[in-house]
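The values are calculated or read from the model by the stated rules, or taken from the named source; none is laboratory data. These figures come from a predicted structure and were not determined experimentally. No Cβ is skipped: glycine too gets one built from the backbone with ideal geometry, and neighbour counts run over all protein chains shown.
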Amino acid sequence: MSNYFTDEQISLLAKAKTEKKYIHLKNENQSLKDIMDLNHLNKLISMHNCWNQKNFSLVLDKNIIPFANYSTSGDDLGFSSISPDPFKVEDYIKKGASLVLNDLIYLSKDIEKLAIDLQNVTNGKCQANLYFSMQSHQAFAPHFDTHDVFALHCEGEKVWNIYENFEQDPINHPIFKNTLDERTKKSGKIIEQILLKPGDLLYLPRGQFHDALASKNGTVHLAFGITYMKPLDIFQYYWEEFIVNEYFRSDIKEISSINNVKEIHDNISKEVNKILNNQQLYEHSLKFFNNWPYKLTGYNIEKIVNDGVQYEISKNISILVEGDNLFLSNEKTKVPVPEKFLEITRFTFENKVISHNLIKNNFSGLNDETIIEFIDAMKNMKVFV
């Protein structure tokens with residue numbers, strides 16, 4: 001179940017993934033349009049001490065601007081570390097530079113929620129980057145990504161060029177890193193141009209050559225990168241098994257003929273099969289696969305505080321039942337209970353004393369945010385002593 005995509009859209013995305021085809025979804029979902037805008041971006045980049053040369057960059061006309069050109073030690077601006085200098089950054093943006101922010105998931109609750117949703121929909125690992133561009137200044141030449149891309153357009157308009165050529169299953173490895181000229185030559189001809197507007201989503205499978213150009217000033221899009229498990233990941237996971245195997249740590253005594261090489265290959269094959277054909281390793285592999293999309297979650301200090309706190313119902317508050325409706329009453333006034341809180345409210349008044357953990361243990365379908373919302377609502381209505 002997705003909070004952002006319909007079942008039909010999820011089916012279309014799954015089909016596009018299987019067929020390794022790009023797809024453009026024109027989304028009228030307001031919640032997608034509200035995830036990012038210029039005001040939100042302003043707040044993000046004003047979190048000065050969060051930014052450094054690893055997650056903050058400027059690109060002007062396909063050239064990455066050295067971080068030293070727009071950073072400051074921070075002493076004169078009150079920063080605690082080397083950070084982007086707002087005045088220098090603004091000067092570059094006025095010249096047409098694009099701003100790229102990496103690893104945003106935990107800096108925005110809305111971005112985190114969509115990232116979790118995409119992980120649930122795709123069963124892959126998710127990362128999130130932001131791109132702010134000025135009109136007619138291109139940040140990146142034709143290229144492909146080594147992960148699937150879900151580009152959510154947030155502000156302004158941008159034209160995406162889709163090229164005819166496709167790199168088959170590229171990974172993040174030097175052999176797939178080409179120079180600018182090589183990438184441009186390998187991309188081929190443009191086969192389609194797609195105009196993205198706020199709320200639109202463009203899915204690009206890894207390996208699909210593309211580029212983009214803002215058609216208006218102040219264009220913003222979020223790029224959610226999805227990475228899936230590969231046989232290479234399983235190989236890396238098993239590396240420790242090879243290390244503890246005595247054969248793989250032994251010295252090769254002689255390689256003087258093809259027969260020697262064949263014998264070594266045969267021995268390697270036998271030892272690999274011994275390691276892999278193991279029931280316990282099968283179980284470990286299954287666990288590894290199930291844990292592949294790491295759980296995206298930040299801290300929840302409020303839950304820690306509330307976990308052990310008990311709340312007692314005030315004797316001055318009672319519940320009234322009128323048909324399917326429930327009201328809280330203090331004899332003078334009555335307040336309707338929201339539909340989503342009906343069952344928890346009944347449970348609360350039946351138990352007289354409740355806690356976050358008690359609700360959690362009896363309502364497995366409720367997340368911590370909803371429980372905290374309920375407790376806060378009860379506090380505001382003076383339900384607890």
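Here is how the numbers come out for the structure above:
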| item | result |
| --- | --- |
| Qualifying residue in the range 128-144 (condition: part of a strand (DSSP E or B) and under 19 Å from N29 (Cα atoms)) | no |
| Positions within the range 11-43 being among the aliphatic types (A, V, I, L, M) and either touching a Cys at 6+ places or on another chain (Cβ under 8 Å) or outside the structural domain of D200 (by TED's automatic domain parsing) (or both), in sequence order | I35, M36 |
| Where H147 falls short, out of the listed (1) more than 20 Å from L41 (Cβ to Cβ); (2) under 12 Å from the mean Cα position of the chain (by Cα); (3) crowded, with 20+ Cβ neighbours inside 10 Å | (2) |
| Given (1) surrounded by fewer than 19 Cβ atoms within 10 Å (Cβ to Cβ); (2) in contact with a Pro (Cβ under 8 Å, 6 or more places away or on another chain); (3) of a type outside the set (A, V, I, L, M), index of the condition K177 fails | (2) |
| Strands (runs of 3 or more DSSP E) contained entirely in the range 1-109, each with at least 1 residues that are among the hydroxyl-bearing types (S, T, Y) and touching a strand residue (DSSP E or B) at 6+ places or on another chain (Cβ under 7 Å) | 56-60, 98-101 |
| Leading residue by the ranking (farthest from L107 (Cα to Cα)) among those in the range 131-140 that are among the hydrophobic types (A, V, I, L, M, F, W, C) and buried (at least 23 other Cβ atoms within 10 Å of the Cβ) | A139 |
| Pairs, first assigned by TED's automatic domain parsing to the domain that holds L41 in the range 152-175, second assigned to a helix (DSSP H, G or I) and aromatic (F, W, Y), C-beta under 6 Å, six or more apart | P170/F176 |
| Cross-chain or 6+ apart pairs with Cβ under 9 Å, the range 6-19 first and among the small types (G, A, S), then at pLDDT 90 or above | A14/V121; A14/T122; A16/Y22; A16/I23; A16/Y203; A16/P205 |
| Top-ranked residue in the range 152-164 [being of a type in the set (A, V, I, L, M, F, W, C) and crowded, with 23+ Cβ neighbours inside 10 Å; ranked as nearest to E182 (Cα to Cα)] | L152 |
| Check on S57, in contact (Cβ under 8 Å) with a residue 40 or more places away in the chain and among the polar types (S, T, N, Q) | yes |
